[in-house]
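Below is one structure; the comments refer to it alone.
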Amino acid sequence: MSGLGLLRGVAFFGALALLPYGVGAPWILNLLIFTLMYAGLASAWNLLGGYAGYPSLGHAAFFGLGAYAIAIVFEDSVGNGYLPFFLLPLIGVGAALVSVPIGWIAMRTRADVFAIVTITLLFITQTLAFNLRSITDGAQGKAVAVPPFPVDTYGWPFYYAMLTLLAVAMGVSFYFRRSKIGLSLAAVRADEDKAHGVGVRVTGVKLIAFALSVGITAMIGGVWAYYLGFVYPQFAVDPLLTIGMVLMTFLGGRATLWGPVIGAFILVPAQQTFAYHFGASQVYLLAYAAIFLIIMLVLPRGILPTITDRLRHRNKRGPGGQQRAAASPVGNPVQAAGMIDELRAAER
Amino acid sequence: MTALLEVEKLCKRFGGVRAVDDCSFSVDEGAITALIGPNGSGKTTAFNMITGYLKSDSGDIRFDGHTVNEPDPARLYRKGLSRTFQQARIFPDLSVEENLVVAAGPPWRSLFGARLTKTDRLRALEMLEEFRLAGLADLPAAELSYGQRKLLEFAAVLMSRPKLVLLDEPTAGVNPVMINMMEHHIRARHKDGVTFLIVEHDMHLVMRLCDPVIVLDRGATIAMGPPAEVQINPIVLDAYLGN
């Protein structure tokens with residue numbers, strides 16, 4: 001890891017870890033919890049939708065799975081209040097395992113078809129949540145037992161849980177970028193058939209990305225359910241949740257480490273502001289649509305890739321760039337022609 | 001000489017069109033074999049079936065002594081059969097160097113290791129030096145010219161140390177200098193023991209580089225032999241110029 005990158009990570013998580021001490025108002029902490037939640041969700045979605053290029057719209061299904069797991073297990077009691085957090089890893093692993101056969105089938109389709117297949121998964125899950133009443137209590141919803149946390153710092157455990165899960169999602173994202181998994185996924189994203197043809201373990205890396213992506217999503221769903229205390233099918237398995245993840249990742253930049261986080265830190269507060277000003281109506285959805293349009297028009301690749309591209313092109317125009325052009329032999333016909341003679345001579 | 005690749009009575013129909021129709025030929029180990037024929041004679045379709053990208057309707061393909069019944073490009077690639085595409089297919093988002101490393105067919109467990117290990121970089125750099133692309137190693141492949149992309153694709157499929165390389169029109173659409181470079185690289189690798197099967201429309205190149213030459217017409221083999229013979233074969237002339 002470059003020194004600067006490490007510094008950035010430490011500063012970011014250090015600041016966020018200290019933030020609750022400086023924030024008095026509960027509503028700000030509440031906003032922060034949701035911002036971290038979406039940053040984690042977008043980072044998790046990015047593992048599949050960004051790095052692998054498989055635009056899942058079904059992630060809310062796994063979010064709901066995690067939410068219901070917590071709600072069902074901790075319906076009556078949460079002990080000292082920290083028990084549900086210890087169940088989260090199990091939920092993550094469980095969701096990841098469940099997702100393997102699902103991903104294996106769903107990822108036989110690509111791009112738009114994959115998006116449709118996964119959104120179908122979302123609605124199937126929602127329908128199940130409505131109708132499997134013996135388990136989910138249907139439309140009535142399920143309540144989670146209230147933890148005995150002190151009132152002053154009630155939100156803190158949830159805040160740190162979300163922060164930890166964001167760190168996990170970003171950690172996996174970082175690991176992807178640094179490992180051959182990420183290299184293979186980039187090849188899959190660019191040209192899957194060609195990647196398969198040159199021996200890239202296409203199915204394997206896709207399933208790894210899918211499982212990790214939805215596993216983290218399910219864990220975040222678990223914390224969400226515990227924080228809210230109520231789980232309803234239409235909110236636990238919510239298409240808007242999926243759209244939020246996608247939108248934030250697109251805004252910040254797909255297949256980048258910080259893009260989804262930036263997207264979440266812009267959009268969640270913005271959405272809250274809209275909701276505050278326009279009442280709890282669905283008007284903020286119009287704002288969502290507007291943002292989508294702006295991204296498509298101005299930043300089709302998202303904030304981060306656009307910025308890094310501009311920086312790179314600026315550097316290229318400098319002296320370093322010229323050097324690189326000269327180092328390219330085939331870029332210069334005269335030089336290349338001389339080289340051919342040289343090659344010919346070597347052959348004889 | 002033993003045959004590295006044998007194709008027997010290969011057939012492929014697309015609707016009513018018989019793209020490849022009872023096509024048989026073999027490629028000897030250590031040869032640079034050309035596969036030529038007029039447009040639409042089934043060369044690329046034959047390529048796609050041999051490399052596992054397309055399932056044949058009937059017929060046998062034997063590579064390196066094994067019958068390839070369930071064609072799978074990935075497995076064939078790992079067994080030493082590589083190919084390039086008519087329109088060079090590279091990974092534009094990856095750097096030139098990464099394009100090579102990803103095609104090296106790394107084993108399962110290395111997936112969890114570093115994106116580019118020292119060994120990877122060294123091997124890639126060696127290859128890039130051979131192809132005179134070393135100065136472009138860190139550039140995104142998207143910034144390469146078309147000819148450079150063709151070179152890169154060729155270099156990338158060599159990373160798996162193949163026994164047989166199928167080149168689909170390696171010099172189509174590139175400048176004359178690049179054609180010479182391509183020829184040089186094919187010869188150099190051939191000297192190292194790689195067998196080639198080349199689809200090519202540049203007859204000058206075919207005549208000086210390849211032996212034997214196989215001629216396809218309407219999906220079937222109509223002639224096969226040294227370039228000098230094929231060139232004056234009346235059946236071949238008919239196929240190209242019409243009767």
*Would you mind computing, in nm to one decimal, how far apart the modelled labels at A:Phe292 and A:Arg310 are, each placed 7 Å from Cα along Cα→Cβ?*
2.6 nm
*Could you work out, for region A:126-272, what percent of all Cα-Cα pairs fall into each 5 Å distance bin, beginning at 0 Å and stopping at the bin that holds the largest distance?*
2, 8, 13, 17, 17, 15, 12, 8, 5, 2, 1, 0
_Over chain A, with a Gaussian network built from C-alpha contacts below 10 Å, which listed residue (A:Phe123, A:Phe174, A:Phe86) shows the highest mean-square fluctuation?_
A:Phe86
_Using Cβ contacts closer than 10 Å as the measure, can you line up A:Val223, A:Val172 from fewest to most?_
A:Val172, A:Val223
*Convex hull (Cα only) mean projected area of chain B, reported in nm² to one decimal*: 13.8 nm²
*To one decimal place, what orientation-averaged projected area in nm² is obtained for the convex hull of the Cα set of region B:115-243?*
9.5 nm²
*Please work out the Cα center distance from region A:117-161 to region B:37-82, rounded to the nearest Å.*
52 Å
*In a GNM of chain A with a 10 Å cut-off on Cα contacts, which of A:Ser99, A:Ser213, A:Ser56 has the highest mean-square fluctuation?*
A:Ser99
_Long-range HN-HN contacts of B:Leu116 with modeled amide H, under 5 Å_ = none
_Relative to 2.2 N^0.38 Å, what does the C-alpha radius of gyration of region A:1-115 come to as a ratio? Two decimals please._
1.33
*With charges only on Cβ, +1 for K and R and -1 for D and E, what is the dipole size of the protein assembly as shown about its Cα centre, in debye, rounded to 20?*
1020 debye
_Taking the Kirkwood radius as the inverse of the mean 1/r across Cα pairs, report the Rg/Rh of chain A._
1.06
*Cα gyration tensor, region B:121-171 - rounded (a/c under 1.5), prolate or oblate*: oblate
*Quote the relative contact order of region A:143-274 in percent (integer), defining contacts as alpha-carbon pairs under 8 Å separated by 6+ residues.*
24 percent
*Once phi is turned into ³J(HN,Hα) by the Karplus curve 6.51 cos²θ - 1.76 cosθ + 1.60 with θ = phi - 60°, what whole-Hz value does each residue of region B:225-241 show in order, with x for glycine and proline?*
x, x, x, 4, 6, 4, 4, 10, 5, x, 5, 5, 4, 4, 4, 7, 9
*Work out the P(r) tail for region B:68-118: percent of alpha carbon pairs separated by more than 17 Å, whole number.*
50 percent
*Please identify, among B:Asp60, B:Asp22, B:Asp138, the residue showing maximal mean-square fluctuation in a Gaussian network model of chain B using a 10 angstrom Cα cutoff.*
B:Asp138
*What is the helix-to-structure angle for A:202-228, meaning the angle in degrees between its Cα long axis and the longest Cα principal axis of chain A, kept from 0 to 90 and rounded to the nearest 10?*
30 degrees
_Cα gyration tensor category, rounded, prolate or oblate, for the protein assembly as shown with a/c compared to 1.5_ = prolate
*asked:* From the phi angles alone, apply the Karplus equation (6.51, -1.76, 1.60; θ = phi - 60°) to region A:121-131 and give each ³J(HN,Hα) in whole Hz, x where the residue is Gly or Pro.
replied: 4, 4, 6, 4, 4, 5, 4, 4, 4, 5, 9
*Okay, helix-only estimate at 222 nm for the protein assembly as shown: each DSSP H run of n ≥ 4 adds -39500 (n - 2.57), divide by all residues, round to 500 deg cm²/dmol; what do you get?*
-18500 deg cm²/dmol
*Using modelled amide H (1.01 Å from N, peptide plane; none on Pro or chain starts), what sits under 5 Å from the amide H of B:Leu4, excluding residues fewer than 5 places away?*
B:Val27, B:Asp28, B:Glu29
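Just so you know, all these numbers are worked out from the coordinates, no wet-lab data involved. Everything quoted here is computed from the prediction, not taken from an experiment. Note that each Cβ is placed from the backbone with ideal geometry, even for glycine, and that neighbours are counted across all protein chains shown.
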